[in-house]
Amino acid sequence: MARASGVSVRALHYYDEIGLLKPAEVGANGYRYYGRAEMLRLQQILFYRELGLPLEEIRRTLDDPRFDRKAALLQHRARLEAEGQRLSRLIQTIDQTVETLEQGMEAAMQDKELFAGFSAEKQAQWEQEIETRYGDCARDAMADSKARMAAMAVVTF
């Protein structure tokens, strides 16, 4: 399982300890054996980890009797496709910026073009992480900054 999935043996042991992924069988020698059902469950775990979900939330999701593997896979696909499109926009932004820099035309790009492909959702996640890590002071500082930005007139060069 570790070799096929790229997940370390240590991680698989941990997943077993927390009830996230139990082996189909444990041999007399202590080796853990996994079948197709466990492989498919690990695939789901890895997809949810790619989306940034914590292990406990993944366990609850997968253990929910209403969990539908096919529907989950289709949702994963849609999210990954959207992320792929966003990454393509970021690559285009980089290419366009490099091209304008090479031509010495830094001002040729519109302000909005400089930031095409950046995700407002990801920015919100980062702000949430900052707030979680640094508390009320960080939240207040971000709110103050946003208020000042909203009050400013947009200046273009």
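Here is how the numbers come out for the structure above:
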| item | result |
| --- | --- |
| Scan of region 41-89 for residues that are in contact with a Phe, Trp or Tyr (Cβ under 9 Å, 6 or more places away or on another chain) and among the acidic types (Asp, Glu), ordered by number | Glu57 |
| Hits in region 79-129 - residues which are of a type in the set (A, V, I, L, M, F, W, C), within 21 Å of Ala143 (Cα to Cα) and open to solvent by less than 70 Å² (accessible area, probe 1.4 Å) | Ala124 |
| Inter-residue pairs, beta-carbon under 7 Å, first closer than 12 Å to Arg32 by Cβ and in region 3-20, second among the charged types (D, E, K, R) and open to solvent by 30 Å² or more (accessible area, probe 1.4 Å), 6+ apart | Leu12/Arg32; Asp16/Lys22; Asp16/Arg32 |
| Those residues of region 87-115 which are modelled with pLDDT under 90 and among the charged types (D, E, K, R), in sequence order | Glu99, Glu102, Glu106, Asp111, Lys112, Glu113 |
| Test result for Lys70, of a type in the set (Lys, Arg), open to solvent by 70 Å² or more (accessible area, probe 1.4 Å) and either without any contact (Cβ under 8 Å) to a residue 12 or more places away in the chain or farther than 30 Å from Leu21 by Cα (or both) | yes |
| Condition check for Asp63: at pLDDT 95 or above and either within 24 Å of Glu129 (Cβ to Cβ) or surrounded by 10 or more Cβ atoms within 10 Å (Cβ to Cβ) (or both) | yes |
| Enumeration of residues in region 46-60 that are within 12 Å of the chain's Cα centre (by Cα) and surrounded by 11 or more Cβ atoms within 10 Å (Cβ to Cβ) | Leu46, Phe47, Tyr48, Arg49, Glu50, Leu51, Leu53 |
| Leading residue by the ranking (modelled with the lowest pLDDT) among those in region 116-153 that are over 19 Å from Ser88 (Cα atoms) and among the hydroxyl-bearing types (Ser, Thr, Tyr) | Ser145 |
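The values are calculated or read from the model by the stated rules, or taken from the named source; none is laboratory data. Fair warning: this is a prediction, and the values are worked out from it, not measured in the lab. Because the Cβ atoms are built from the backbone with ideal geometry, glycine has one as well, and the counts that use them run over all protein chains shown. In case anyone asks, the SASA skips ligands and DNA or RNA and just uses the protein heavy atoms, side chains included. Shrake-Rupley method; radii C 1.70, N 1.55, O 1.52, S 1.80 Å.
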